[in-house]
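Written out below as structure tokens is the structure these notes cover.
The values are calculated or read from the model by the stated rules, or taken from the named source; none is laboratory data. Quick caveat: nothing in here was measured; it's all calculated off a predicted structure. All Cβ positions, even for glycine, are placed from backbone atoms using ideal geometry, and neighbour counts span all protein chains on display. Calculation scope for accessible area: heavy atoms of the full protein, side chains included, ligands and nucleic acids excluded. Shrake-Rupley method; radii C 1.70, N 1.55, O 1.52, S 1.80 Å.
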Amino acid sequence: QKEVEQNSGPLSVPEGAIASLNCTYSDRGSQSFFWYRQYSGKSPELIMFIYSNGDKEDGRFTAQLNKASQYVSLLIRDSQPSDSATYLCAVNPQGGSEKLVFGKGTKLTVNP
Amino acid sequence: ETGVTQTPRHLVMGMTNKKSLKCEQHLGHNAMYWYKQSAKKPLELMFVYNFKEQTENNSVPSRFSPECPNSSHLFLHLHTLQPEDSALYLCASSQDFMGNEQFFGPGTRLTVL
């Protein structure tokens, strides 16, 4: 059973701080990794994807991937109250299947 | 219309009813998906269609019946559901069968009485 684990939180940070969201996965051969943001009552929205080891930056967001440790993280710099949402980690297991395996999500609250 | 749309947005049905959920994508994608999202559980993949052909049925009970008449439309037919089937049902699409970068619709909030 391929699994994706996330700390469910809630994670609470003050406005302007760095929020760090973490995700581990069980399938060592996984190839691609995604972060989705889901506001309460809304559907998931893709915000970042990463395929290679290292960091990938997009605005205030940085995705970090370490395949050796089977670990992917999302850093949000200068956190804003509008970043308050549940962040879902998703992994595409090896074999090129159509399936994405999702974690349960981490709820982030950014306090003004 | 842009992106992925779903109708209805909310649905309340009895256990003996038959209803259908509809999904339409306007992105020119070739793969479409049905997911179930329940409280405190990960998104559960239900069905995958690639170029209108079903490629995945993730052990879903037969009271859920998908239909994909073309690459832009996806239906989920519901009959004799149980209260534990109450959840948010999300449709998604992606460019190709590799499942990367899936784009989600707004979902249908289903309540089974």
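When the solvent-accessible area of the stretch A:22-84 is split by element, carbon and sulfur atoms take up 47 percent of it, the probe being 1.4 Å. Along the stretch A:73-85 the Karplus relation, 6.51 cos²θ - 1.76 cosθ + 1.60 evaluated at θ = phi - 60°, assigns HN-Hα couplings of 9, 10, 10, 10, 8, 6, 4, 10, x, 5, 7, 5, 5 Hz to successive residues, with x for each Gly and Pro. Rounded to whole numbers, the Karplus 3J(HN,Hα) couplings from phi for the stretch B:86-93 are 4, 5, 9, 9, 10, 9, 9, 9 Hz, using 6.51 cos²θ - 1.76 cosθ + 1.60 with θ = phi - 60°, and x at Gly and Pro. Entry comment: accessible area of chain B is 47 Å² per residue, from protein heavy atoms only and a probe of 1.4 Å. Shown for the stretch B:1-92: the carbon plus sulfur share of the solvent-accessible area, taken with all protein chains present and a 1.4 angstrom probe, equals 48%.
Solvent-accessible area per residue in chain A equals 47 Å², computed with a 1.4 angstrom probe and all protein chains kept. Packing, taken as the mean count of other beta carbons within 10 Å per residue, orders the peptides A:68-79, B:40-51 from highest to lowest as B:40-51, A:68-79.
With no solvent and one point on each alpha carbon, what is the Debye value of log10 I(q)/I(0) for chain B at q = 0.10 Å⁻¹? Computed log10 I(q)/I(0) values: -0.25. Volume per residue for the protein assembly as shown equals 123 cubic angstrom (convex hull of Cα atoms). Summing both sides, the accessible surface hidden between B and A at a 1.4 Å probe radius is close to 1700 Å². On the principal axes of its alpha-carbon atoms, chain A has extents of 44, 29, 19 Å, going from largest to smallest. Residues considered: B:A31, B:A39, B:A92. Largest GNM mean-square fluctuation over chain B, using C-alpha springs under 10 Å, is found at B:A39.
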